[in-house]
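Can you keep this structure in mind? I'll have questions shortly.
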Amino acid sequence: MTIAQRIEEVRKQLPTDVQLVVVSKFHSPEEIMEAYNAGIRDFGENHVQELLPKMEALPKDIRWHFVGSLQRNKIKLIVPFVSLIHSIGTLRLYEEVVNRAKSVNRCIDLLIEIHIGQEESKSGFSPEESLDFLREIASRDEDTPYRRIRGLMGMASLTDNKAQIRQEFALLKQLFDEAQVKHFTNTSHFDTLSMGMSSDWQEAVEEGSNLIRVGTYIMGERNYTPH
Ligand SMILES: *Cc1c(COP(=O)(O)O)cnc(C)c1O
């Protein structure tokens, strides 16, 4: 199947209120243009040094999503233009992003990453600490001109056990609902639950995701040699 056909296949199955972000890391600008020409405007990348040249070369109406672990010294490079950062996983990172947004006088959209999977390596706040963190940052009124906390992001375990995957997504959905009610009642923009990738986006949508991040399933296998 072509990229355009894959996009059509995913779109047909997505409820209208679920946003599709195509994760284009390690795919060439030409491949990205295939998805663009099929109507995609939201693309996700996870390396700043790969994102910058793509942003320069590709159409300006693309909304770039940053989905990977973000080094603090690279934040300033993406804050001026990035559409949504999905991976705020520490207080230090949050504060650095807000400082950078302030220095370019921009209001930036953020998701807080929650560690719902079993792999040690995955980053983000633990479910237990997440509500305290959200309460803390939600109360920082001085930050509100420079950031909007749009919601939560998480990655389920890499496993074939669909019941476990569903349980992890359900937990994230529960935290999202609880945070919305407890800490974001007076903002209308805490509205995004980013969960679901190539192998589990259908389960994610059934468990309440409203933004899926799909790479391989649409773009094909990633090419890890430079192009
Ligand atoms: C790479 C990546 C994806 C896409 O993964 P696929 O399995 O190729 O769909 C989604 N989310 C994050 C955070 C990623 O790093």
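Taking H as built 1.01 Å from N, whose amide H comes closer than 5 Å to the amide H of Asp42, not counting residues under 5 places away?
Val22, Arg63
Of Lys12/Lys74; Lys12/Lys54; Lys74/Lys162; Lys76/Lys122; Lys25/Lys74, which sit over 26 Å apart, Cα to Cα?
Lys12/Lys74; Lys12/Lys54; Lys74/Lys162
Counting only heavy atoms of the protein chains, get the accessible area per residue of the chain (1.4 Å probe) and round it to a whole Å² value. Don't jump to the answer; show the numbers that get you there.
Details: 10850 Å² over 227 residues.
I get 48 Å² per residue for this part.
Using a 1.4 angstrom probe on heavy atoms only, work out the carbon and sulfur share of the accessible area of the chain in %.
Numbers: 5200 of 10850 Å².
Carbon and sulfur: 48 percent of the exposed surface of the chain.
How many nm separate the modelled label positions at Glu221 and Glu142, each set 7 Å beyond the Cα in the direction of the Cβ?
It works out to 5.2 nm between the two label points.
Using Cα pairs closer than 8 Å and at least 6 residues apart in sequence, work out the relative contact order for the stretch 47-178, in percent. Don't jump to the answer; show the numbers that get you there.
Numbers: 181 pairs, mean separation 28.6, N = 132.
Relative contact order of the stretch 47-178: 22 percent.
Then there's this: Taking the mean number of other Cβ atoms within 10 Å as a proxy for protection, how do you rank 30-36, 110-116 from highest to lowest? If you can, show how the numbers build up before the last one.
Working: 30-36: 17.6, 110-116: 24.7.
The most tightly packed comes first, giving 110-116, 30-36.
Using Cα positions and a limit of under 13 Å, work out the aspartates and glutamates in reach of Lys173, with same-chain residues fewer than 8 apart set aside.
Answer for Lys173, where 13 Å is the Cα cut-off: Glu113, Asp191, Glu203, Glu206, Glu207, listed by chain and number.
May I ask you to evaluate 6.51 cos²θ - 1.76 cosθ + 1.60, the Karplus curve with θ = phi - 60°, for each residue of the stretch 126-131 and list the ³J(HN,Hα) values in order in whole Hz, giving x for glycine and proline?
Those phi angles translate into 6, x, 5, 8, 5, 5 Hz.
While we're on this one: Of Lys173, Lys54, Lys12, which is the most mobile in a GNM of the chain whose springs link Cα atoms less than 10 angstrom apart?
Lys12
Counting only C-alpha contacts under 8 Å and six or more residues apart, can you give the relative contact order of the chain as a whole percent? Mind dumping the intermediate values first?
Working: 383 pairs, mean separation 47.1, N = 227.
Computed value for the chain: 21 percent relative contact order.
Residue-wise, which Karplus ³J(HN,Hα) couplings in Hz belong to the stretch 196-206, taking 6.51 cos²θ - 1.76 cosθ + 1.60, θ = phi - 60°, and x for glycine or proline?
Once rounded to whole Hz, the list reads x, 10, 3, 8, 9, 5, 5, 4, 4, 5, 5.
The values are calculated or read from the model by the stated rules, or taken from the named source; none is laboratory data. Everything quoted here is computed from the prediction, not taken from an experiment. No Cβ is skipped: glycine too gets one built from the backbone with ideal geometry, and neighbour counts run over all protein chains shown. Calculation scope for accessible area: heavy atoms of the full protein, side chains included, ligands and nucleic acids excluded. Shrake-Rupley method; radii C 1.70, N 1.55, O 1.52, S 1.80 Å.
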